[in-house]
Amino acid sequence: MTTGGRAVVTGGAGFLGSHLCARLLADGYEVVCLDNFVTGGAHNVAHLLPSERFRLVRADVTDYVHVAGPVDAVLHFASPASPVDYLRLPIETLKVGSTGTLHALGLAREKGARFLLASTSESYGDPQIHPQPETYWGHVNPVGPRGVYDEAKRFAEALTMAYRRTHGVDTAIARIFNTFGPGMRPDDGRAIPTFIWQALTGAPLTVAGDGSQTRSVCYVDDLVEGLVRLLRSDLAGPVNIGNPHELSVRALAEQIRELCGADVDITYVPRPEDDPTVRQPDITLARTALGWQPEVPLREGLLRTIDWFRGRLPARTTDVSGC
């Protein structure tokens, strides 16, 4: 797919979706953003509204998806994505992964558009192979609390491939690993925004378990670049998009505390059920087929994200941590 055209982004007012909408606009696309604002918010795309090529529509893709006129790309990013959200909204999460994906694929089929599914590294569950290649089928507990998200995405992948094989829809699947950057909610529940907000407000950093579990985190600009390259390719996937730099959750907390200059303790809380022990993408396919790999170092990405969060502190907490 060449630069430009008309793209529909479901979940476009969420964290990843809003960054993707901004990138597509910058690349010359006309963008239709669909969101029901259950976890996203219009404020995430407010800076895009002045553009004549951007349209924000409040819509629930589990009801139906209708977009008048031609569409060149459908990017399906609608879904709660953090444990706080999908554990609070388990049925909604399953519905958007199943019925929502069905409707988004139907739109792509109707318009003859390229379809990009935002799947997840959670497809691998608590992996028994490390790092995780796309050929790994995963180790997921379908009846555990996290299963509502894991299995919704795994079903979405299966449905996407069924539409490709049965209806000839031009599809791609991205398995997205942990991503961070400006625009995340302080109450997101994921490690990086939680640690940053705690450090900036002088609260102890709460690490789950003993903090030895690992994560591989990717700065959002790098992630979006990988997604756009996949969109413009003819690759079906799935393709891992993430940063293979692995570190423990405890080390991540310690680095964020240091970068904030925060004199706060690290405390330990019970580890959630089915919390993955390790997480690291094998990005060989993305490197070879898309010429993509992450470029932003972790420290630089964290500093950018910390600066963004600092600008949103309540006035009374601005000087608490010395950041």
>> Looking at segment 52-69, can you tell me whether even one residue there is farther than 17 Å from Lys153 by Cα, of a type in the set (A, V, I, L, M, F, W, C) and assigned to a helix (DSSP H, G or I)?
In response: no
> Does Thr101 satisfy being closer than 25 Å to Thr288 by Cα, buried (at least 23 other Cβ atoms within 10 Å of the Cβ), touching a helix residue (DSSP H, G or I) at 6+ places or on another chain (Cβ under 8 Å) and at pLDDT 95 or above?
Replying inline: no
> Take the residues of segment 216-238 that are β-branched (Val, Ile, Thr) and out of contact with any strand residue (DSSP E or B) (no Cβ under 6 Å at 6 or more places or on another chain): which is nearest to Ala162 (Cα to Cα)?
Replying inline: Val228
> Does Thr317 meet the test of being within 22 Å of Pro186 (Cβ to Cβ) and at pLDDT below 95?
Replying inline: yes
>> One residue is enough: does segment 60-80 have a residue meeting the conditions assigned by TED's automatic domain parsing to the domain that holds Leu34, under 25 Å from His139 (Cβ atoms), in contact (Cβ under 8 Å) with a residue 24 or more places away in the chain and among the hydroxyl-bearing types (Ser, Thr, Tyr)?
In response: yes
>> I'd like the full set of residues that are within 15 Å of Leu116 (Cα to Cα) and of a type in the set (Ser, Thr, Tyr), limited to segment 142-167.
In response: Thr160, Tyr163
> Hey, any hits in segment 126-138 for a residue that's assigned to a helix (DSSP H, G or I) and either surrounded by 19 or more Cβ atoms within 10 Å (Cβ to Cβ) or within 18 Å of the chain's Cα centre (by Cα) (or both)?
Replying inline: no
>> Just the residues that are part of a helix (DSSP H, G or I) and within 26 Å of Thr93 (Cα to Cα), please, taken from segment 25-42.
In response: Ala42
> What are the residues in segment 26-43 that are within 28 Å of Asp187 (Cβ to Cβ) and either aromatic (Phe, Trp, Tyr) or surrounded by fewer than 18 Cβ atoms within 10 Å (Cβ to Cβ) (or both), if any?
Replying inline: Phe37, Gly41, Ala42, His43
>> Out of everything in segment 1-34 that is in contact with a Phe, Trp or Tyr (Cβ under 8 Å, 6 or more places away or on another chain) and small (Gly, Ala, Ser), what residue ends up being farthest from Asp63 (Cα to Cα)?
In response: Gly4
>> Pull out all pairs, ordered by first then second residue, where Cβ-Cβ is under 8 Å, the residues are six or more apart or on different chains, the first lies in segment 297-310 and is among the aromatic types (Phe, Trp, Tyr), and the second is in a helix (DSSP H, G or I) and at pLDDT 95 or above.
In response: Phe309/Pro193; Phe309/Ile196; Phe309/Trp197; Phe309/Leu200
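The values are calculated or read from the model by the stated rules, or taken from the named source; none is laboratory data. Because the structure is a prediction, the values reported are computed rather than measured. So basically every Cβ, Gly included, is an ideal-geometry build from the backbone, and we count neighbours across all protein chains shown.
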